[in-house]
Amino acid sequence: MTEIDPRPFLAIGTAFLAALLVSVSHKYPNVREMWSTVASVIMFGLVISMAGGVLDGVTYEYTLFYLTDTIGLTMRVDPAGMIFAALAALLWMPINFYSIGYMRNNHEAMQTGYFAAFALCMGSTMGIAMASNLLTFFIFYEILTISSYPLVLHERDQEALLASRKYLAYTLVSGQLFLAGTVGVYCISGTMDFRAGGFLSLDMASPWVLQLLFVLMIMAGSVKAAVMPLHGWLPAAMVAPTPVSALLHAVAVVKTGAFAVLRVLGFVFGPKLLSQLGIADVLAWAAVITIIASSFIALRQDNLKRRLAFSTIGQLSYIVLGGALLTPLAFKGAYLHLVAHAVMKITLFMCAGCIIVRTHLHNISEMNGIGHKMPVTMGAFAVASLGIAGTPFIIGFISKWNLAMGAIQAGKPLFVAVWVASALLAMAYLMPVVRMAFFRPEPVNDPRRYGLISYCMLIPICFTAILAVLLGVNPELFPPDFYRLAEMASSAITAGWGGGWSD
Amino acid sequence: MSLALHSPVFIVLLPLSASLLCLAFSRIHRKLGAYVVQLALFGALISSLVTMRHVLAEGTKSVHYWMGNWAPPIGIEFVVDPLNTAVACMITFLAFVISFYSKPFLENEDWLHYGGYFTLYGLLTVGLCGMTVTGDVFNMYVYLEIMSLSGYGLIALGGHKSMLAAFRYLLVGTIGASLYLIGIGYLYAMTGSLNMADISERIQPFVNTPLFAFVVACFLIAFGIKMALFPLHGWQPDSYTFSHPGAAGFISGCMSKVPAYAMLRYFFYVFGIHNTVMGALMNVLGIMGICGILIGSVMALAQYDFRRMLAYSSVAQLGYIAVGMAMGNIYGFIGAVLHLINHAFMKSSLFLVVGGIAYRFGEVNLYRLGGLNKKMPVSSIATVLAVLSMIGIPPTCGFFSKWYLMLGAFEGQQYIFIAVLVVSSLLNAIYYVRIVEQMFVQREASLTEIHDPETKLGMPLSMVIPIGVTGLAILILGIYSSSLVTNIVEVGLPEVLLK
């Protein structure tokens, strides 16, 4: 059932309007931050108000205007889009409060530009989540690239300059290739509308053309999702302020990359065509290599933010691998991991930011005993770390369980071993931090000075950590009900095709 | 109503009479002549809009206006179709908007220079509009010369090396114009007619003769020179760089686009593209386009003078138009036309920004723009929009022309064009993002103010508003590009493509 409803555009418009209001009211910091806070709440309200309908099988659709004679700037909220939209809207609220606390306590410059770009990023993420066709998707994808560029460049120093150039180079190149792929898809199929299960088929073009188009299109998502060897920009982008890293890693950029991969796999090519082409295996193996290699690199990083960055690279490839397995449970696990990783990684990054603001420590080797003075922060860090490693009763377990089941469903149990190995590696690179924080004494001869506690930063951390546990205990909890949405999305994608599983 | 029927001729007639009277009025009061020209340009803009409405309401392919009611092929006629009214609207709009922008540059000039500038400016508009709407090949030659001569004048007015640049353009431009004249001569010898519609029928028996190939080659070189198509672009970087800063926006925006449009008109509407000669020519055009795109972009990368970089970027962008034409299918044609209009706005906008910086600081080095976002906010925002459009980021207009060009390349299975388009977007990104970085990121450059900013926005309002308007147009053209395509370009598609 499809309903014409402008709410998707209202959600996007809210964020874009907020960006405008933020830049206008640069003289009054409190008014400025009020705009983004209000916008985040309104956006969440709008998205959540559609969740119930989507769960009942309603699809909300709206065309704002036509981009070309046949293709409109159209939003369509299906379960897959709803997962991502609800996730982004849900996490914008805590990260916004956290940003306020972080930027003020750390005395950052250019806060107006920061909050404006932040709102633009959120608006375009909404657009990406709910876009109904490839062209609309591409438009918001490029807006996201452009609006996250000033965030990477925030520090305005040489390092930031180089990082931002690297970021632009990676994302623009992949964007242009994606565009070329999109044009090709349009020319052979005559349509651009996402359809669950894919709209391309073998009779449209010869296999090598389809394979080429697949490579062109998957590249864009893979760059943003930092699948190796396309991950180079992500560690470099760590020069940005910590809330930006949290945003890049948890909500906006890398997640849109993973989401793009899933859209291309499930809604453009479809599992049936991909299994005929056999090219998804290449993607799967790239993801496997990324998972293992990035975990080993993460082990060797002393800078906490960099260690988390490499952890992100590995975790994102879980999602890519889930999609590339092409089975119902793997898709479900992939969508769930989109949510799970966002909630856990945002917590970890916010903790890292809190440590930086209060103690100005960046390196793990210097963090002995900080848990004594910052018990809540490091407690949340511990919870999220356990979640990343896949401990039961934290959200990460549910997604990984489904992913592992998906691998078995695909008849490729070897991938389960990959997940187990990576879980152990995650334990190995995250738990030492927790151990050092709580079970090592503070250095005696060099007493640390702690800054003031900022509740603006602490409360969001608690919120996301509790969320990770709540969703881990009962994933169907909560109005958006991510579990059922993921199930709906994956069954729509794999309808009529069991993925090697003979049911 | 009867006046509306005469609207096509007013597009040319109003600026022509105003330009001729301009100096006389300027003698009375220094600035009066300029007001008369501006009024006429506004009139021309209204006439083009009325004409466009008329053409679109008529529903036919084109409206013919007979000069003095002499019937063609003997008499001269103006032929307006949806496409060239759109181009005429673009020209008159930019001419009108940029005429305000020129004024602060002329503040200290005496009546002769002030009036003389606007005479040339008005005549340039006459030439451009005339070339666009005329349906007579010799009449087009006249307008081509009006355009060129006034263009030489405006370029020479720039001071500092501009004489040399103008002279060089004059030499090369004259070769182009002569070749065009020779082409017309042979065309007349073959068909016995100077009317385009008439020629398009009478030429058909000759399309496989060597003479026809010669004519076509003459036209390609003539218009290639005027639109600065690689490798005929040698005159262009100097001319754009040293032309009068008040007119540079208009010159760079329109003076290369109208010959491109004329070429498009000859190839698609008069000669038809489905014969061996034109087939070969399309290949040549495609190669010229590709080389232009790549070499223009690389040369732009190497420049440190902002204006010169923009000039080389124009070489590249004209290559897009050539490539679109060379595809020889509907999408390619739409892409070429769309890019012709879009690029006029992008390039004008950027040249206006540069002119503004030169006006206030006397600085054109693009590595000395640090902190400009604080000093000239409107210019900086317009630059960002234009840059995004140049790279082809939606929803700015540059994306849509590139979109149609890519579709055309896929449809024609000319995959090399796609590769070139992708590479060129990335090259554009490199040399344009550098400017944004300079403006927004780099430490404030120590610049001396040679003119008082007057307003908070960093420049006199008569300069800020044109910059803002052209910048905004980039966004608006992008958002409304589908209606531009369906209502105007697709209505005016040449018949050769529809078969």
Within segment A:263-278, which residues are in contact with a Leu (Cβ under 8 Å, 6 or more places away or on another chain) and on the phi < 0 side of the Ramachandran plot? A:Leu265, A:Val268, A:Phe269, A:Pro271, A:Leu273, A:Leu274, A:Ser275, A:Gln276, A:Leu277
Which of the residues spanning segment A:165-216 are more than 13 Å from every other protein chain (Cβ to nearest Cβ), β-branched (Val, Ile, Thr) and open to solvent by 50 Å² or more (accessible area, probe 1.4 Å)? A:Val215
Considering each of B:Leu498, B:Leu461 in turn, give the residue that is away from chain A (no Cβ under 12 Å), at pLDDT below 85 and over 16 Å from A:Leu172 (Cβ atoms). B:Leu498
In segment B:338-349, is there at least one residue being within 14 Å of chain A (Cβ to nearest Cβ) and over 28 Å from A:Tyr149 (Cα atoms)? yes
Mind checking which residues of segment B:3-29 are open to solvent by 50 Å² or more (accessible area, probe 1.4 Å), touching a helix residue (DSSP H, G or I) at 6+ places or on another chain (Cβ under 6 Å) and closer than 16 Å to B:Thr85 by Cβ? B:Phe10, B:Leu14
Look through segment A:326-337, keep the residues that are open to solvent by less than 10 Å² (accessible area, probe 1.4 Å) and part of a helix (DSSP H, G or I), and return whichever of them is farthest from A:Lys272 (Cα to Cα). A:His337
Test A:Leu144 against the stated conditions and say whether it is free of Cβ contacts under 8 Å to residues at least 24 places away in the same chain, open to solvent by less than 10 Å² (accessible area, probe 1.4 Å) and either within 13 Å of chain B (Cβ to nearest Cβ) or not in a helix (DSSP H, G or I) (or both). no
Looking at B:Leu144, is it closer than 22 Å to B:Pro237 by Cβ and buried (at least 24 other Cβ atoms within 10 Å of the Cβ)? yes
On the basis of being more than 23 Å from A:Tyr335 (Cα to Cα), open to solvent by 30 Å² or more (accessible area, probe 1.4 Å) and either modelled with pLDDT of 85 or more or not aromatic (Phe, Trp, Tyr) (or both), does A:Met1 make the cut? no
Could you say whether any residue in segment A:102-115 is surrounded by fewer than 24 Cβ atoms within 10 Å (Cβ to Cβ), within 11 Å of another protein chain (Cβ to nearest Cβ), over 21 Å from B:Asn373 (Cα atoms) and not aromatic (Phe, Trp, Tyr)? no
Would you please name the residue that is nearest to B:Ser102 (Cα to Cα), looking only at residues in segment B:151-180 that are touching an Asp or Glu at 6+ places or on another chain (Cβ under 9 Å) and open to solvent by 10 Å² or more (accessible area, probe 1.4 Å)? B:Lys161
Can you find, within segment A:240-275, the residue that is surrounded by the fewest Cβ atoms within 10 Å (Cβ to Cβ) among those that are among the aromatic types (Phe, Trp, Tyr) and more than 17 Å from A:Ala89 (Cα to Cα)? A:Phe267
Condition test on A:Leu46, is it crowded, with 16+ Cβ neighbours inside 10 Å, in contact with a Lys or Arg (Cβ under 6 Å, 6 or more places away or on another chain) and of a type outside the set (D, E, K, R)? yes
Please return the ranges of helices (runs of 4 or more DSSP H) entirely within segment B:415-499 where 2 or more residues are surrounded by fewer than 19 Cβ atoms within 10 Å (Cβ to Cβ) and touching a Ser or Thr at 6+ places or on another chain (Cβ under 7 Å). B:461-479
Of all residues in segment A:278-314, count the ones that are of a type in the set (Val, Ile, Thr) and open to solvent by 20 Å² or more (accessible area, probe 1.4 Å). 5
Tell me which helices (runs of 4 or more DSSP H) are completely within segment B:198-300 and hold 2 or more residues being buried (at least 17 other Cβ atoms within 10 Å of the Cβ) and among the charged types (D, E, K, R), or say none if there are none. B:257-265
I'm trying to understand the selection: among the residues of segment B:394-414, which are touching a residue at least 24 places away in the same chain (Cβ under 8 Å), of a type outside the set (Gly, Ala, Ser) and not in a helix (DSSP H, G or I)? B:Pro394, B:Pro395, B:Thr396, B:Gln414
Of those in segment A:49-73 that are open to solvent by less than 10 Å² (accessible area, probe 1.4 Å) and touching a Ser or Thr at 6+ places or on another chain (Cβ under 7 Å), the residue farthest from A:Ser124 (Cα to Cα) is A:Thr68
Could you go through segment B:439-449 and let me know if any residue there is within 13 Å of chain A (Cβ to nearest Cβ) and among the aliphatic types (A, V, I, L, M). yes
Taking A:Ala237 as the residue in question, decide whether it is open to solvent by less than 10 Å² (accessible area, probe 1.4 Å), more than 30 Å from A:Gly190 (Cα to Cα) and in a helix (DSSP H, G or I). yes
Filter segment A:147-164 for residues that are open to solvent by less than 50 Å² (accessible area, probe 1.4 Å), aliphatic (A, V, I, L, M) and more than 8 Å from every other protein chain (Cβ to nearest Cβ) and give the result. A:Leu151, A:Val152, A:Ala160, A:Ala163
If you go through segment A:378-387 one residue at a time, do you hit one that is at pLDDT below 85, surrounded by 23 or more Cβ atoms within 10 Å (Cβ to Cβ) and within 25 Å of A:Ser245 (Cα to Cα)? no
If you check every pair at least six apart or on different chains, which have Cβ atoms under 8 Å apart with a residue in segment A:49-71 that is more than 9 Å from every other protein chain (Cβ to nearest Cβ) first and a residue that is open to solvent by 40 Å² or more (accessible area, probe 1.4 Å) and hydroxyl-bearing (Ser, Thr, Tyr) second? A:Val58/A:Thr2; A:Thr59/A:Thr2; A:Tyr60/A:Thr2; A:Glu61/A:Thr2
Kindly provide the set of residues from segment B:372-414 that are out of contact with any Leu (no Cβ under 8 Å at 6 or more places or on another chain), within 11 Å of chain A (Cβ to nearest Cβ) and open to solvent by 10 Å² or more (accessible area, probe 1.4 Å), ordered by number. B:Asn373, B:Ile381, B:Val384, B:Leu388, B:Phe410, B:Glu411, B:Gly412, B:Gln413
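The values are calculated or read from the model by the stated rules, or taken from the named source; none is laboratory data. It should be emphasised that the depicted structure is a prediction, and the values quoted were computed from it without experimental measurement. Here the Cβ is made from the backbone with ideal geometry for all residues, glycine too, and neighbour counts use every protein chain on show. Note: accessible area is taken over every heavy atom of the protein model, side chains too, but ligands, DNA and RNA are not part of it. Shrake-Rupley method; radii C 1.70, N 1.55, O 1.52, S 1.80 Å.
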